[in-house]
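Note sheet for the following structure.
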Amino acid sequence: MTPKVSIVVPVYHVEPYLERCLETLIHQTLTEIEIILVDDGSKDRCGEICDEYAAHDKRIAVIHKENQGLGLARNTGIENATGEYIGFVDSDDYVSVDMFQILYEAAVKENADMVLSGICHVGGIMFQKQQDQKEFRHCLAQTEIFSGSPGIQKLMLGVVGSLPQEGEDSRYGFSVCKNLYRRSILQQHQIRFNSERVLLSEDVVFLLDFLPLIQKAVGIPGAYYFYCRNADSLSKGFREDRFPRYLNLIAFLKEKLEAVADKQQVQLYTDRQVIAAARVSSIQEILHSFEVKMPASQLKERLFRICTQSEVAAVLKRYPFYQLPKMQACFAFAMRYRLTLLQKLMVYMRQLF
């Protein structure tokens, strides 16, 4: 019998978290699933744990391969999936036990090629310390249907960015893991992930490759995916090259969007991401300076480099940043006028973010 949903789980050096993830998958209320564990060359006990679970649950398939990164591990899962729909779960996160039943039923009810849901950040968001905090983000207030060219265009713009007055930098979120995708479209058009080693944020690129090919998507209220703050996670550590790679990604996304949407509208949505890139990179620089006890003059120079980068400076000059949510607006003001002391103070009191 064809599984209703194939769940693709890349696994790499997540031994402390893997069993937590797998327990939420094997106990899904939707039982007609297959779980494809792609061991991406783990050197810890992850491979053994995967094999142990597979020995006790015939729905689990394990693929051991050499390390190539998250994106290519997901591709291996796609190529081996047989389900009607595909979902993705990162092995240091977990999901509610009814996630795939809820998403699958929404897909069937609406005959949708994609289902979007919300996401819950566990342990605070990227720059907060509260370890016990759970925050629901990108939650739709009510069911929303996206169909035809206008609907898909709206979804694509809202994946990449948002309007100034909206609370999140991306209206519908970058993450592929909170959604469900019709497998036949992925297979027919050979939609695959880029390597995160080549292009930052393989998730959003995957979404922009997939969305123009679909007829209908449905967004549903509720958050069923639990994204866990983990210092070892790929997306959370300080990296010297993150800022220029982030700007390169935005330029790439802008070019893709301009093929399907009005240029002025695209600029408004992508400008929001440029500001987000500068804010996130500035916060990372400040947190890193705290850790390594960087001289204030050196930090000031590094923050100036971000704020005076030509694209960032142009966006800060033309963007109505005063319409942003209060703390984002304040940080954008500090970047616009190069008030590095204010930036440092806001990060020091980052529980307000």
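The Cα-based radius of gyration and maximum Cα-Cα distance (Dmax) for segment 1-111 are 13.2, 43 Å. If R0 is 25 Å, the Cβ-Cβ spacing of GLN265 and TYR348 corresponds to a FRET efficiency of close to 0.10. At an R0 of 51 angstrom, the distance between the Cβ atoms of LYS58 and ASP241 translates into a FRET efficiency of 0.70. Quick check: pseudo-label points 7 Å beyond the Cα along Cα→Cβ at GLU166 and TYR322, how many nm apart are they? Rounded to a tenth, the inter-label distance reads 2.3 nm. Placing dummy labels 7 Å off each Cα toward the beta-carbon, the span from CYS228 to VAL122 is 0.5 nm. Net charge of the neighbourhood of ARG336, taken over other residues with C-beta under 12 Å away and scored Lys/Arg +1, Asp/Glu -1, is +4.
For GLU34, the residues whose amide H sits under 5 Å from its own are VAL5, SER6, ILE7, ignoring neighbours fewer than 5 places away on the same chain, with H placed 1.01 Å from N. For segment 242-352, a Kirkwood hydrodynamic radius built from all Cα pairs, placed in the Stokes-Einstein relation at 37 °C and 0.692 mPa s, yields a translational diffusion coefficient of 226 µm²/s.
Restricting attention to segment 5-228, lysine pairs at least eight places apart or on different chains and with alpha-carbon atoms under 24 angstrom apart total 9. Mean residue ellipticity at 222 nm, helices only, the chain: -14500 deg cm²/dmol; runs of at least 4 DSSP H residues each add -39,500 (n - 2.57), and the sum is divided by the number of residues. Close Lys pairs in segment 242-352, defined as Cα atoms under 28 Å apart and 8 or more places apart or on different chains, number 13. The GLN142 and THR29 beta-carbon pair, evaluated with R₀ = 30 Å, returns a calculated FRET efficiency of approximately 0.85. Averaging over all projection directions, the Cα-based convex hull of segment 288-343 occupies 4.0 nm² in the image plane. With all pairs of different C-alpha atoms in the average, the Kirkwood value for the hydrodynamic radius of segment 89-225 is 15.6 Å.
Once you list every other residue whose beta carbon is under 13 Å from the beta carbon of GLU144, what net charge do they have if Lys and Arg are +1 and Asp and Glu are -1? Value of the local net charge: +2. Its relative contact order, with pairs defined as Cα atoms under 8 Å and 6+ residues apart, puts segment 5-228 at 26 percent.
Only the coordinates and a few stated rules stand behind these numbers; no lab work does. Please read these numbers as outputs of a predicted model, since none were measured by experiment. Using ideal geometry, Cβ is built from the backbone for each residue, glycine included, and neighbour counts are taken over all protein chains shown.
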